[in-house]
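One structure below.
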Amino acid sequence: MSDLRVSLVQTDLHWEDPAANRRDIEKCLVSLDAGETDLIVLPEMFATGFTMRPERFAESADTSPTLDWMKAQARERRCVMTGSLAIRDGERCVNRLYWVTPDGQVTHYDKRHLFRMGEEPLHYAAGDERKLVTLKGFRLLLSVCYDLRFPVWLRQQPSSSSAPFEYDALLCVANWPGVRRQPWRTLLQARAVENLSYVIGVNRVGEDGNGLSYTGDSLLVDFKGDPLVDAEAGRAFVETAVLSRTALDRFREQFPAWQDADRFQLDE
């Protein structure tokens, strides 16, 4: 199986200004040539920041300019693009993580755990379905920000002992304030260690419209929790790293902790 090239985009965001954010992110991606990466990961609510005004700023699930932009970027750069948006779907608004392929196929995951301390449950509906996607032989579980604090939701749920791993990488996009940067970093590494998988965590930098400061601390860690990408806090960047299929399979074989895992069924 092939290795997987992943590009983390840690950037500042214009508050509730999708057009400006699309423009600035596109400028950030100039350094990535078409075909140079397999996956571009953007932060949570990258078009608006973590807005609690979806009645004004959520885009329609049927006609989303930012989703159209993601499709165009994925096609032009010949890679998958992912990131979450405030989306209006029928009568409800959701924090929706989109996974967009170069040929225009779209998969989505709606954030399950809504951040009550930021009043997110008052403005958005929670998702109720875990979502797995596949890219170059890697299976990835999608998640958004506060989901990271709930290990049962993100735990490997293998179908049988003959197929002990449900996924190979956990992907988490976030708007995680700097005041809680240590839990963010710790939880990303913990999820990697306990699930014997890569973990990709992409956060924003800068200050939002509520005066919250973000240090980023975007991380890509391997199955032992060791960082493959760990750039300077507070700095905007685009960094690409390679997920090795051979290294992952070898470690799982040599350190088969999965054989002693507790079996359970998730009650959604």
Taking the residues in segment 107-164 that are among the aromatic types (Phe, Trp, Tyr) and touching a strand residue (DSSP E or B) at 6+ places or on another chain (Cβ under 8 Å) as candidates, determine which candidate is surrounded by the fewest Cβ atoms within 10 Å (Cβ to Cβ).
-> TRP153
Right, SER218: small (Gly, Ala, Ser), at pLDDT 95 or above and touching a strand residue (DSSP E or B) at 6+ places or on another chain (Cβ under 8 Å) or not?
-> yes
Could you identify the single residue in ARG116, ARG92 that is modelled with pLDDT of 95 or more and within 15 Å of SER60 (Cβ to Cβ)?
-> ARG92
From the option list VAL238, VAL179, single residue qualifying as free of Cβ contacts under 8 Å to residues at least 40 places away in the same chain and closer than 26 Å to ASN95 by Cβ is VAL179
Is segment 38-51 home to any residue that is among the β-branched types (Val, Ile, Thr), in a loop (DSSP other than H, G, I, E, B), crowded, with 24+ Cβ neighbours inside 10 Å and in contact with a helix residue (DSSP H, G or I) (Cβ under 7 Å, 6 or more places away or on another chain)?
-> yes
Do the conditions hold for GLY83, that is, is it closer than 30 Å to ALA34 by Cβ, outside any strand (DSSP E or B) and either touching a strand residue (DSSP E or B) at 6+ places or on another chain (Cβ under 9 Å) or of a type outside the set (A, V, I, L, M, F, W, C) (or both)?
-> no
From PRO151, PRO177, residue being at pLDDT 95 or above and more than 23 Å from GLN265 (Cβ to Cβ) | PRO177
If you go through segment 132-148 one residue at a time, do you hit one that is out of contact with any Phe, Trp or Tyr (no Cβ under 8 Å at 6 or more places or on another chain), on the phi < 0 side of the Ramachandran plot and in a helix (DSSP H, G or I)?
-> no
Within segment 157-172, which residues are outside any loop (DSSP other than H, G, I, E, B) and touching a Leu at 6+ places or on another chain (Cβ under 6 Å)?
-> ALA169, LEU170, LEU171, CYS172
Could you list, in sequence order, the residues of segment 173-201 that are under 16 Å from TYR146 (Cβ atoms), touching an Asp or Glu at 6+ places or on another chain (Cβ under 7 Å) and outside any helix (DSSP H, G or I)?
-> VAL173, ALA174, ASN175
Those residues of segment 216-268 which are buried (at least 17 other Cβ atoms within 10 Å of the Cβ), farther than 16 Å from LEU187 by Cα and in contact with a helix residue (DSSP H, G or I) (Cβ under 8 Å, 6 or more places away or on another chain), in sequence order | VAL238, ARG252
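The values are calculated or read from the model by the stated rules, or taken from the named source; none is laboratory data. Just so it is clear, the structure is predicted and the values come from calculations on it, not from any experiment. All Cβ positions, glycine included, derive from the backbone under ideal geometry; neighbour counts span all protein chains shown.
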